[in-house]
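Worksheet: the structure to be examined is printed underneath.
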Amino acid sequence: MMDRIWAFLTSLRLTVVLLAFSILLVFVGTVAQADEGLYQAQERYFKHWIVWGFSFFGHKVPLPLPGGYLLGMMLLANLVAGHIKRFEWSWRKLGIHLTHVGIILLLVGQLTTDLFSRETQMRFAEGETRHYSESAMNHELVFIADADADTQELVAVPARLLARGGELRHERLPFTIRVKSWWPNSEPAFRPPMQQNGPPLAPNGIGRHFDFKQTPETRKMEDRNIPTAVIEIVPPKGPPGAWVVSAWAGDETLVAAVRASYSRQAGPEMGNQIGDRLIEPQTVEANGRKWSFTLRPARVYNPFSITLLKTTHKVYPGTDIPKDFRSRVRIENPQTGENREVEVFMNSPLRYGGLTFYQYQMGRDELDANRGTSTLQVVRNPSWLTPYAGCIIVGVGLLVQFMIHLVGFVSRKRAV
Amino acid sequence: MKKWLPFIVAAAMALWVLSTVRAPADKDFAYTEFGRLPAVFNGRCQPLDSVARNSLLQIREKQAANIEPWKGEFENPKLIPAIEWLAAVMMKPEVADAWQVFRIDHPELVSLLKLPEKDKEKQSDGKHYSWNQMQPSLDALEKETKRASKVEGAHRTPFDQAVLKLQQRLMLYTRLKNTLQPQDAQDWPRELAEYEKLIVPGMAAMHAQQAGKEHDKAVLEKFFGFLQRFDTMSGVEPPLVVPPHHPERSRDGWMRMGEALMEMARGGKLHEAARHYAAMAGAFRSGKPDEFNRAVDAYRQTLAPKLGPELTKADRECFFNRLQPFYISMVIYVLAFLLACASWVNMSEPLRRSAVYLVALAFIVHTAGLVFRMWLESRPPVTNLYSSAIFIGWGAVVLGMVLERFYRDGIGTVVASAVGFITLIIAHHLSLGGDTMEMMRAVLDTNFWLATHVVTITIGYSSAFVAGFLAVIYVLRGAFTRTLSEATGAALSRMVYGIVCFATLFSFVGTVLGGIWADQSWGRFWGWDPKENGALIIVLWNALILHARWSGTIRERGLMNMAIAGNIVTSWSWFGVNMLGIGLHSYGFMDAAFWWLMAFVVSQLALIAIGLLPDDWWLSLRSRPPSSRGGSDGKRGKDSNGDSKLASA
């Protein structure tokens, strides 16, 4: 039995079958991006063991396919087992060995990247300083209370827990959170005073001034989902209170967008007032301490800060084609005493503190057109060097193998 | 005679090539000189000649204007070069407006605009129409444009697309008309002089009006009338023809004529360019060649001290435009292809040799064009889809010629000329989209990665196509002729195998380099973007062919069928993924290209079907004993362990 499994695992026909399935998966997973969106398709096809049913040019095909993880692992097993069984040292095989070692490295590297890499974004306007970056996809509900004069206590509840619904408790929080509704994507609408409004979503905080309605989840690359939840906070004593928490209020760029939108509709003064209503702090008191809370993009804090000094956004004359995107930033790190300026631009990222900062987007402040804004993509990927090494090893391996063939071929031709 | 045939054929074609190098002299108006003047369009500095050719390509799908399209090919219709057409559009629009240069292919669009159908009496060819002919029904067009532009790209009908295309063509034409003077100018030099005189009193009147004081209303109205026209003029975004005031400080400060004229009102001097172009326009309109030529010359001399590099670049580009190296090499490739195929009929060595010489000649012209383009742009060979087509062809010709060098059996020549010709045709159709030397967006603006990743992956495409076309030859010759001997089959098999190895090397390295570039520019080695996946599929497909061969799953015929399928895989990666319209590499939906791609895929599937037919159906195999038929698949004994194959392959 073991022999048969071993023979199966090491056979070249298995390689052929696995490669064929890989081609099928990559093809289907690419075409499906048109229907399911890039991110969703990536998750479902390439980062799963089995794909249950796939979409093909707008049609649903109810057939299972082996997913990216399964094929990757099988290929890896097949490759390693094949080498154990057939390994013999000879110069003629050097190329094949190198190629396969490189491919193992690439497969392992991609797996570790999947597991350990993290992408966040740092968005700021000229003059602003950030010591954290934010996730573009994930949100968190944070509760903040003053611990003492200098420090604050912060408890972050990941949005996926809210999405599950039910009751949430945390040992550091003196109250229970009940999720009444969770909308992965939503839209705000101001409740103009003195007008016939429907009943508010919640009688407290921003719920008094804004209605939110659920909108379909977007799958496009360029759009984001902006969640809103209605929660109930149940203190140890006293009646529970209902609140609306929304990323529309917890994300500065969205608040700016709301301000700009209402400024266009009702003039800058009204627009600003409405914007201020959106960011009115929401707080509850429990056990004598005051906790403020917001739903915001999930943050990752850094032990250093980055200040955006200047943005440059050049286009080719007479067109909108971007010619140059760059941000001049200052890094300040109290631990190392560093305080220096550096430029981040297209194809020239900044690598600092285990993170890499890429120039991602450029824009203008929604309210002040003279003020440039910049978004840096912040990536932590401990295995970022493996593709470089893998590429070199495979490249050399294939080249060696090809040269061996070529030299053999040419000398045989000459001999004829 | 037979011995000399190859030399005679090659020399005749070489003479033809040389004859195109010399410029024909201008008869009266110095159009060539005019075409060499620099302007900025599509974000880059280029000669007016390029503006003319690229615009005419978009409007008429040809680089020359036929202003009597209703006449047959042999009735000597009047053809004029693009620059002559552009000169009229810019300086004598009432003449250009009557020329039937707008190509309309969709019959429903023709009837929507109430245009005449093909009718020689009424001077209509049913395909090309003039600006004037379309004027009465522009409302109908606008209504359809509004509707069609709201439809999402992928759901547009051919009619919608035709409407939008025509709208774009009309837009471009309007832009060109407003390049040098307002499109409604009757006597531009006189109007310009009038405006110049009006500036001081006009500004004074304007200030007085703003201060609420008494002012000359007639002057103000006239002055505003001019400003309004200039504002409209730059509003349609014509080419930027007015060079920067201080090119030594910034070479990007080009202006539109309308902007330069408005700048004057704000206290600037009349720009030299405005004065000279007005002189040209005046002379052109009144039909005075000598005056026109003097004005062109005078303007050039004012540019020379400060804009030397721009003038030189414009001259070079004009030379390149006139040469049309890719068109020339395309013609020679066709000839070479026919000769090489003919050489198989009677195994004629002189014919084969002639074909080889022709491919070499075409290759020299092809290479010259490629290098000249690189030099003009200061870029590696591949910067966009257009240049990828040119480079894929070039790479395939190199590989084909190497094969010919070793085998001397015409196969390499046929593949080289066929792939060279097809890719250049594809490039020609891609050039209809407009300027092929467009500027690179910031994220792509890195010669290092363009030179490494893009070039390597494109060589991967070339070699995959060469392997595929070799296999096509195997199938066609094997099934339909008796010329596929055992030796030829074995030779083809070795060629395909070697080229697949080569393709694996380049597509793999190219793909991973692309990943590294992505890691460098946005921190993601692999993003499962459609174009990345397309490249990955080519790598996997080549790996699959090699492993299937080593494991004994396929033999000679299977190898050929898989190599033909490689054509489908490669063309999908090259074009198909762009049509999905997703991801960072997408270039938008290309309707016409989609049907060609489908046709290509179907043709390749048909060839594979032929490749799968039993031996007895193949003319070449029928006469051979079963043992030497080069192995249809599945007849081989136990040989699942590929190592023996590995060593012997």
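Need the full-extension length gain, residue A:180 to residue A:211, defined as separation in residues times 0.36 nm minus the C-alpha distance. One decimal, nm.
Values: separation 31, 0.36 × 31 = 11.16 nm, distance 1.54 nm.
Taking 0.36 nm per residue and subtracting the Cα distance, the gain is 9.6 nm.
Please average, across the residues of B:36-42, the number of beta carbons from any other chain that are within 10 Å of each residue's own beta carbon, and give a whole number.
2
May I ask you to list the chymotrypsin sites (Phe, Trp or Tyr not before Pro) in segment A:19-103 that are in a DSSP loop and have at most 14 other Cβ atoms within 10 Å of their Cβ? Don't jump to the answer; show the numbers that get you there.
Values: sites: A:21, A:27, A:39, A:45, A:46, A:49, A:52, A:54, A:56, A:57, A:69, A:87, A:89, A:91; in loops: A:49, A:57, A:87, A:89.
Within segment A:19-103, the qualifying chymotrypsin sites (Phe, Trp or Tyr not before Pro) (loop, at most 14 other Cβ atoms within 10 Å) are A:49, A:57, A:87, A:89.
Hey, with R₀ at 41 Å, roughly what FRET efficiency would residue B:22 and residue B:114 work out to, going by the Cβ-Cβ distance, to 0.05? Kindly include the intermediate steps, with their values, before the conclusion.
On the way: r = 46 Å, r/R0 = 1.12.
Efficiency, rounded to the nearest 0.05: 0.35.
Counting pairs on different chains as well as pairs 8 or more places apart, how many Lys pairs in chain A have Cα atoms under 24 Å apart?
Here the count comes out as 11.
How high is the relative contact order of segment B:188-309, in percent, with contacts defined as C-alpha pairs under 8 Å that are six or more residues apart? Mind showing how you got there, number by number?
Working: 113 pairs, mean separation 26.0, N = 122.
Relative contact order here is 21 percent.
Relative to the Cα centre, what is the charge dipole magnitude of the protein assembly as shown, using +1 at the beta carbon of each Lys and Arg, -1 at the beta carbon of each Asp and Glu, and rounding to the nearest 20 debye?
On the way: 115 positive and 99 negative charges, 678 e Å.
The dipole of the protein assembly as shown has a size of about 3260 debye.
Residue A:411 label point, 7 Å along Cα→Cβ, cut-off 16 Å on backbone N: hits in segment A:74-94?
Hits in segment A:74-94 for residue A:411 at 16 Å: A:91-94.
Beta carbons within 10 angstrom, averaged per residue: use that to sort the peptides A:409-415, B:179-185, highest first. If you can, show how the numbers build up before the last one.
Working: A:409-415: 10.0, B:179-185: 22.0.
With the highest mean Cβ count within 10 Å placed first, the list reads B:179-185, A:409-415.
Would you mind computing, in nm to one decimal, how far apart the modelled labels at residue A:3 and residue A:368 are, each placed 7 Å from Cα along Cα→Cβ?
It works out to 8.0 nm between the two label points.
Alpha carbon centre of segment A:350-372 versus segment B:491-569: separation in Å?
Cα centroid to Cα centroid, the span is 38 Å.
For the residue pair residue B:312 and residue B:429, what label-to-label distance in nm results when each label sits 7 Å from Cα along the Cα-to-beta-carbon direction?
Inter-label distance under the simple model: 4.0 nm.
What is the list of residues in segment B:63-87 whose amide nitrogen lies under 16 Å from a point 7 angstrom out from the Cα of residue B:121, following Cα to Cβ?
No residue qualifies, since no backbone N sits under 16 Å from the label point.
Going through the DSSP H helices of chain B, which span 15 Å or more along their own axis at the Cα atoms while scoring at least 1.6 as a mean Kyte-Doolittle hydropathy? Mind showing how you got there, number by number?
On the way: long enough: B:5-21 (25 Å, 2.14); B:48-60 (17 Å, 0.06); B:138-150 (18 Å, -1.31); B:158-177 (28 Å, -0.24); B:188-210 (30 Å, -0.33); B:217-235 (26 Å, 0.08); B:272-285 (20 Å, -0.14); B:289-303 (21 Å, -1.05); B:308-323 (23 Å, -0.76); B:325-345 (31 Å, 1.99); B:349-377 (42 Å, 0.88); B:385-407 (33 Å, 1.30); B:411-431 (30 Å, 1.72); B:455-480 (37 Å, 1.62); B:486-522 (53 Å, 0.93); B:530-550 (30 Å, 0.59); B:556-571 (23 Å, 0.44); B:591-611 (30 Å, 1.68).
For chain B, where a helix must reach 15 Å along its axis and average at least 1.6, the hits are B:5-21, B:325-345, B:411-431, B:455-480, B:591-611.
Amide H neighbours of residue A:138 under 5 Å, at least 5 residues apart or on other chains, H built in the peptide plane: list them.
Counting only residues 5 or more places away or on other chains, the set is A:298.
Once the other residues with Cβ under 11 Å from the Cβ of residue B:201 are scored (Lys, Arg +1; Asp, Glu -1), what is the net sum? Don't skip to the end; give the middle numbers.
Details: positive: B:197, B:222; negative: B:216.
Taking every Cβ under 11 Å from that of residue B:201, the sum is +1.
What FRET efficiency do you get for residue A:60 and residue B:298 if R0 is 56 Å and r is their Cβ-Cβ distance, rounded to the nearest 0.05? Don't skip to the answer; put the middle values down first.
Details: r = 70 Å, r/R0 = 1.26.
That pair, residue A:60 with residue B:298, gives E of 0.20.
Decide, for segment B:36-155, between rounded, prolate and oblate: order the square roots of the alpha carbon gyration tensor eigenvalues as a ≥ b ≥ c, take rounded if a/c falls under 1.5, and otherwise choose prolate if a/b is larger than b/c, else oblate.
Numbers: a/c = 1.95, a/b = 1.13, b/c = 1.73.
Oblate shape, in that a/c is at least 1.5 and b/c is the bigger or equal ratio.
Explain nothing, just the number: relative contact order of chain B, from Cα pairs under 8 Å at least 6 residues apart, as a whole percent. Mind showing how you got there, number by number?
Numbers: 945 pairs, mean separation 72.4, N = 649.
Normalised by residue count, the contact order of chain B is 11 percent.
Taking H placed 1.01 Å from N in the peptide plane, check which residues at least 5 places from residue A:215 or on another chain put their amide H under 5 Å from its amide H.
Amide H neighbours of residue A:215: A:185, A:186, A:187.
Determine the shielding of peptide B:251-264 by partner chains: average, over its residues, the number of Cβ atoms on other chains within 10 angstrom of each Cβ. Mind dumping the intermediate values first?
Numbers: counts 1, 6, 1, 2, 2, 2, 0, 0, 0, 0, 0, 0, 0, 0.
Taking the mean over all residues of the peptide, I get 1.
With a ≥ b ≥ c the root eigenvalues of the C-alpha gyration tensor of chain A, is it rounded (a/c under 1.5), prolate (a/b larger than b/c) or oblate? Could you put the intermediate results ahead of the total?
Details: a/c = 2.23, a/b = 1.79, b/c = 1.25.
It is prolate, given that a/c is not under 1.5 and a/b is the larger ratio.
Given axes a ≥ b ≥ c from the Cα gyration tensor, I'd like to know whether segment B:416-565 is rounded (a/c under 1.5), prolate (a/b larger than b/c) or oblate.
Details: a/c = 3.10, a/b = 1.61, b/c = 1.92.
In terms of gyration-tensor shape, oblate.
Which of A:356, A:312 comes first, and how do the rest follow, when ranked by fewest Cβ neighbours within 10 Å? Intermediate results must be reported in sequence, preceding the final value.
On the way: A:356 21, A:312 15.
Lowest count first: A:312, A:356.
Whole angstrom only: what separates the Cα centroid of segment A:228-292 from the Cα centroid of segment B:355-404?
With segment A:228-292 and segment B:355-404 each reduced to a Cα centre, they are spaced 62 Å.
Based on the mean of other Cβ atoms within 10 Å per residue, sort peptides B:59-68, A:208-217 so the most packed one is first.
Working: B:59-68: 18.9, A:208-217: 15.9.
By packing density, highest mean first, the sequence is B:59-68, A:208-217.
Using Cα-Cα distances under 8 Å and only pairs 6 or more residues apart, what relative contact order does segment B:52-169 have, in percent? Write out the running numbers ahead of the final one.
Numbers: 159 pairs, mean separation 27.6, N = 118.
Taking the mean separation of contacting Cα pairs over the length of segment B:52-169, I get 23 percent.
If you take the beta carbon distance between residue A:339 and residue B:378 as r and set R0 to 25 Å, what does 1/(1 + (r/R0)^6) give as a FRET efficiency, to the nearest 0.05? Please report the intermediate quantities before stating the final value.
On the way: r = 39 Å, r/R0 = 1.54.
Computed FRET efficiency for residue A:339 and residue B:378: 0.05.
Could you list which residues have their amide H under 5 Å from that of residue A:56, counting only those 5 or more apart in sequence or on another chain, with H placed in the peptide plane?
Those lying under 5 Å, H to H, from residue A:56 are A:61.
Based on alpha-carbon centroids, what's the gap between segment B:84-159 and segment A:39-67 in Å, whole number please?
Each part reduced to its Cα centre gives a spacing of 46 Å.
Figure the gain on full extension for residue B:476 and residue B:140 (residue separation times 0.36 nm, minus the Cα-Cα span) and round it to one decimal in nm. Please report the intermediate quantities before stating the final value.
On the way: separation 336, 0.36 × 336 = 120.96 nm, distance 5.15 nm.
The residue B:476-residue B:140 span can extend by a further 115.8 nm.
As a footprinting exposure proxy, order B:555, A:264 by other Cβ within 10 Å, with the fewest listed first. Before the final figure, lay out each step's value.
Numbers: B:555 19, A:264 10.
In increasing order of surrounding Cβ atoms, one gets A:264, B:555.
Expressed in nm to one decimal, what extension gain is obtained for the pair residue B:250 and residue B:149 from 0.36 nm per residue of sequence separation less their Cα-Cα distance?
Values: separation 101, 0.36 × 101 = 36.36 nm, distance 3.79 nm.
Full-extension gain reported as 32.6 nm.
Around residue B:356, under 10 Å between beta carbons, what's the net of Lys plus Arg minus Asp minus Glu among the other residues?
Cβ neighbours under 10 Å give a net charge of +3.
Taking the Cβ of residue A:305 as the center, what net charge do the other residues with Cβ under 12 Å away carry, scoring Lys and Arg +1 and Asp and Glu -1?
Details: positive: A:130, A:330; negative: A:128, A:332, A:338.
The answer is -1.
Kyte-Doolittle mean at least 1.6 and Cα extent at least 24 Å along the axis: which DSSP H helices of chain A qualify?
On the way: long enough: A:12-31 (29 Å, 2.43); A:68-86 (26 Å, 0.92); A:94-116 (32 Å, 1.50); A:386-415 (43 Å, 1.13).
Both cut-offs are met by A:12-31.
Please give, to one decimal in nm, the separation of the simple spin-label points placed at residue A:48 and residue B:617, each 7 Å out from Cα toward the Cβ.
The answer from the label model is 4.0 nm.
Quick check on the exposure proxy: order B:317, A:343, A:36 from fewest to most C-beta atoms within 10 angstrom. Each step should come with its number before you reach the end.
Working: B:317 23, A:343 14, A:36 18.
Fewest-to-most ranking of B:317, A:343, A:36: A:343, A:36, B:317.
Can you find, among B:66, B:459, B:238, the residue sitting farthest towards the positive end of the charge dipole of chain B, where Lys and Arg contribute +1 and Asp and Glu -1 at Cβ?
B:459
Of B:601, B:573, B:437, whose Cα points farthest to the positive end of the dipole of the protein assembly as shown (charges on the beta-carbon: +1 Lys, Arg; -1 Asp, Glu; origin at the Cα centre)?
Result: B:601.
Values in this text are rule-based calculations from the coordinates and carry no lab data. Keep in mind that what you see is a predicted model, and the values were worked out from it rather than measured. Here Cβ is always computed from backbone atoms with ideal geometry, including for glycine, and neighbour counts include all displayed protein chains.
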